[in-house]
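Some notes on the structure that comes next.
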Amino acid sequence: MPAIESVPAPQRVAVIGAGMVGLATAWFLQERGVQVTVLDRTGVAAGASWGNAGWLTPGITTPLPEPAVLRYGLRAVLSPSSPVYVPPRADARLLRFLAGFTRHSTAAKWRTAMRAYIPMNRRAFEAFDALRAGGVSAMTHEAKSFIAAYRTEAERSVLLDELGHIHSAGQEIEFDVLTGAEARGVEPSLSDNIGAAIRLHGQRFINPGEYVHSLADAVLARGASLVTGADVVDVRDEGTGVRVVTSAGADERYDAVVLATGTWLGELGRRFGVRTVVQAGRGYSFSVAMEHVPSGPVYFPAQRVACTPLGDRLRVAGMMEFRSAEAPLDRRRILAIAEAARPLLRGADLDARVDEWVGSRPCTPDGLPLIGATRSSRVFAAGGHGMWGITLGPLTGTLLAEQITTGRQPAELQPFNPLR
Ligand SMILES: Cc1cc2nc3c(=O)[nH]c(=O)nc-3n(C[C@H](O)[C@H](O)[C@H](O)COP(=O)(O)OP(=O)(O)OC[C@H]3O[C@@H](n4cnc5c(N)ncnc54)[C@H](O)[C@@H]3O)c2cc1C
């Protein structure tokens, strides 16, 4: 654990961004006696942390750029109904992201990035358990069944290969290979079109919006200030402290600042040397009533549709749109997800959708998050987790709080240097 620089342990820290990553960092900073202020320009879970699939799946938490995704992405440019969308006219920033993403979509780069994920995946649940033991009221749910379902055995071979790679990389993941009938035996909400499946073991899930709100409540109960409607437009390291300025003119000084602004990380991070593009990988979701709500997540990998039970409803999520986080919700994507799921689910009322939502996965070209000190030893980055900010948010908070308060970088964070 190399020492970074000897600045006194900060006592007052501002966390910008009230998503899973920011709030978890705030909570673990409080564990270490830090007085925290959380600022968000909208509110708690206003970004990607609300309508996502809520999977806590360290067993399949892997880097997004990989050879198969690349093939998929290129095909997607030609097919508007594909679950991966790249606009035909990309701007310079998106082109930079796509070029980097393409460069990292090789088997060798995937293996290197996977090596960085494994130590994180191993400890992901431990951080959730610490939150629960420390008074966060929302629960994580054990996925009694977690089924990846396919029409055909041929489609299934893609994930079986990937599980082989994950296993060879040293990641533990137990699974069973099921026929369609066996899968329906476990999960009656699968339709007769399902002809092959994989059942994953040892994973969990949450209702992410509920969970992040309960994390915010816990952070508040432990004495933090939570300032919503605070659009941070400037962060300045003044040598002895950091000034945080909002668009409304509020101006406060802190000992240190954490940038946990998800897809918008680059906006405040760039001047502190964070050069990696954080690109919005937009996903959509909605929830539907079911005759039989599944007892755990259901995944249709060929359609890239992820379903999660949320109480008496099923959340259905999908799409990967590489375009501006600010673009409005595109209803065609919602319909494309509903149509992709329709033949595969039994007893799902896909025409009575509620909570239609779009949110932006903060994606990096190398598929790794940005966690740690920036060019300023008082300004830290925590973001860029792409598809996995819910699974890895709490552990990110644990490790970053350790780094901020001790000045030492935990070994797990070395590959995620925000200045790379
Ligand atoms: C469809 C979909 C499904 C997904 N499923 C899963 C899953 O099953 N499991 C999983 O692990 N991950 C999943 N993800 C990914 C996960 O949602 C994200 O990685 C995670 O939510 C990122 O959290 P965050 O806290 O970094 O960012 P966010 O939740 O986006 O939070 C960033 C916050 O910063 C605020 N902000 C930004 N700029 C400023 C500023 N200048 N001033 C003040 N506030 C600012 C925003 O308002 C926002 O609230 C999914 C994502 C999508 C879209």
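Candidates are the residues of segment 147-181 that are open to solvent by less than 70 Å² (accessible area, probe 1.4 Å) and charged (D, E, K, R); the one that is farthest from residue 66 (Cα to Cα) is 176. Here the condition is being on the phi > 0 side of the Ramachandran plot and either modelled with pLDDT of 95 or more or among the small types (Gly, Ala, Ser) (or both); of 389, 367, 397, it holds for 367 alone. With respect to residue 219, determine if the residue is within 23 Å of the chain's Cα centre (by Cα) and either open to solvent by less than 50 Å² (accessible area, probe 1.4 Å) or over 30 Å from residue 335 (Cα atoms) (or both). In short, yes. Taking the conditions (1) assigned to a strand (DSSP E or B); (2) farther than 22 Å from residue 185 by Cβ; (3) open to solvent by less than 10 Å² (accessible area, probe 1.4 Å) in turn, residue 289 satisfies each one other than (3).
When we screen 315, 282, 270 for residues that are of a type in the set (D, E, K, R) and in contact with an Asp or Glu (Cβ under 6 Å, 6 or more places away or on another chain), the only hit is 282. Contact annotation: residue pairs with Cβ atoms under 9 Å, 6 or more positions apart or on different chains, pairing a residue in segment 200-225 that is assigned to a loop (DSSP other than H, G, I, E, B) with a partner that is hydroxyl-bearing (Ser, Thr, Tyr), are 203/57; 206/140; 206/308; 207/308; 224/37. Taken together, 240, 228 contain a single residue that is within 15 Å of the ligand (Cβ to nearest atom), more than 30 Å from residue 296 (Cα to Cα) and surrounded by fewer than 21 Cβ atoms within 10 Å (Cβ to Cβ), which is 228. Evaluate the following for residue 256: is it small (Gly, Ala, Ser) and more than 14 Å from the ligand (Cβ to nearest atom)? The answer is yes for residue 256.
As a summary of the residue check, residue 85 satisfies the conditions (1) more than 30 Å from residue 233 (Cα to Cα); (2) in contact with an Asp or Glu (Cβ under 6 Å, 6 or more places away or on another chain); (3) at pLDDT 90 or above except for the one numbered (3).
If I filter segment 275-289 for residues that are in contact (Cβ under 8 Å) with a residue 40 or more places away in the chain and more than 29 Å from residue 228 (Cα to Cα), do I get at least one hit? Yes, segment 275-289 contains a residue that is in contact (Cβ under 8 Å) with a residue 40 or more places away in the chain and more than 29 Å from residue 228 (Cα to Cα). Taken over segment 296-317, residues that are within 21 Å of the chain's Cα centre (by Cα) and either modelled with pLDDT under 95 or more than 13 Å from the ligand (Cβ to nearest atom) (or both) amount to 6. A Cβ distance below 6 Å, combined with a sequence gap of six or more or placement on separate chains, defines the contacts here; from segment 118-140, residues that are touching a residue at least 40 places away in the same chain (Cβ under 8 Å) and open to solvent by 70 Å² or more (accessible area, probe 1.4 Å) reach residues that are part of a helix (DSSP H, G or I) and not acidic (Asp, Glu) in the pairs 137/214.
Counting only strands (runs of 3 or more DSSP E) that sit wholly inside segment 340-410, those with at least 2 residues that are within 16 Å of the ligand (Cβ to nearest atom) and open to solvent by 10 Å² or more (accessible area, probe 1.4 Å) are 354-363. Residues satisfying the criterion are present in segment 263-272 (criterion: open to solvent by 10 Å² or more (accessible area, probe 1.4 Å), part of a helix (DSSP H, G or I), in contact (Cβ under 8 Å) with a residue 60 or more places away in the chain and more than 12 Å from the ligand (Cβ to nearest atom)).
Filter segment 318-339 down to the residues that are of a type in the set (A, V, I, L, M), within 11 Å of the ligand (Cβ to nearest atom) and closer than 22 Å to residue 189 by Cβ and list them by number. Hits for segment 318-339 are 319, 337.
The single condition among (1) assigned to a helix (DSSP H, G or I); (2) away from the ligand (no atom under 15 Å from the Cβ); (3) at pLDDT 95 or above; (4) not hydrophobic (A, V, I, L, M, F, W, C) that residue 161 does not meet is (3).
The values are calculated or read from the model by the stated rules, or taken from the named source; none is laboratory data. The model shown is predicted, which means the values in this text are computed figures rather than measured ones. Quick reminder, even Gly has a Cβ in these numbers, built from the backbone with ideal geometry, and neighbours come from all protein chains shown. Heads up: the accessible areas ignore ligands, DNA and RNA and are worked out on the full protein's heavy atoms, side chains in. Shrake-Rupley method; radii C 1.70, N 1.55, O 1.52, S 1.80 Å.
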